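Everything below concerns the one structure shown next.
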């Protein structure tokens, strides 16, 4: 069966992708930041089809040179993230750009066996914000976040983060156009990703999207009930990543992966119903 390098393998989305890959019979090399990060995944997935590559910093030159060797596919979910942003350029824009570019460079130079690279981007690369789709048009893969580089440098961290997704993805397509690599590239652009957490996690390390729901449950959030935005179930997103592998229809395509729209009013209604049923 084919061999897949999965980057950022301990993340919320990535662990679901890992489970889906293994269930489909793929052999997976999981890229993690340190050997200690492997313990949890080894316990969750006790199979000889799972191995590990240590990549301490995905943004440095040559970070993936060894990890990509002898692979058939690469699924790149890793994205540098800092909880406290002091400098938009150093903390967000450059790490996002460099991390994506380095994996593509490594594949081109050291992994002639790789047929396809699937990259997790974001609907943030499609939509500029503010994050409320009410009254907006229908967005397609032809749309792009219109935040400029200068604006991203000067904006608050939320705008800069969304812009970093745009510029990282633009770098992908620039790489494809300039280098004409022998492998194809597929970029997936999910909106907010929700669902069960299979990664190693605690209340202090909840992924951002699930923390929205947790804060609603604790009544510590006071959202606009008319707010409307897109979402996707993490399990469906994982299936989409794996379904893209070897699929000629996804070659050199960007694909919005969405489960539909939601409002905070609807979320609160579900939480209240679950509490009434004593399920929360």
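Got a sec? Which of 192, 133, 153 is in contact with a strand residue (DSSP E or B) (Cβ under 8 Å, 6 or more places away or on another chain), under 21 Å from residue 85 (Cβ atoms), touching a residue at least 40 places away in the same chain (Cβ under 8 Å) and surrounded by 14 or more Cβ atoms within 10 Å (Cβ to Cβ)?
Going through 192, 133, 153 in turn, the sole match is 192.
Report, by residue number, each residue of the range 229-280 that is touching a residue at least 60 places away in the same chain (Cβ under 8 Å) and at positive phi.
Across the range 229-280, the qualifying residues are 246, 252.
Given the options 103, 114, name the one that is touching a helix residue (DSSP H, G or I) at 6+ places or on another chain (Cβ under 9 Å), buried (at least 20 other Cβ atoms within 10 Å of the Cβ), closer than 17 Å to residue 63 by Cβ and touching a residue at least 60 places away in the same chain (Cβ under 8 Å).
Matching residue, one of 103, 114: 114.
Can you confirm whether the range 8-22 contains a residue that is surrounded by fewer than 16 Cβ atoms within 10 Å (Cβ to Cβ), at pLDDT 95 or above and over 17 Å from residue 107 (Cα atoms)?
Looking for residues that are surrounded by fewer than 16 Cβ atoms within 10 Å (Cβ to Cβ), at pLDDT 95 or above and over 17 Å from residue 107 (Cα atoms), one finds none in the range 8-22, hence no.
Just to check your reading of the model, which residue among 90, 108 is closer than 28 Å to residue 183 by Cβ and assigned to a helix (DSSP H, G or I)?
108
Residue pairs, Cβ under 7 Å, 6 or more apart or interchain, first in the range 1-26 and touching a residue at least 40 places away in the same chain (Cβ under 8 Å) and on the phi > 0 side of the Ramachandran plot, second part of a helix (DSSP H, G or I) and buried (at least 24 other Cβ atoms within 10 Å of the Cβ). List them.
8/14
The values are calculated or read from the model by the stated rules, or taken from the named source; none is laboratory data. The structure displayed is predicted, hence computed values, not measured ones. Cβ: placed from backbone, ideal geometry, glycine included. Neighbour counts: every protein chain shown.
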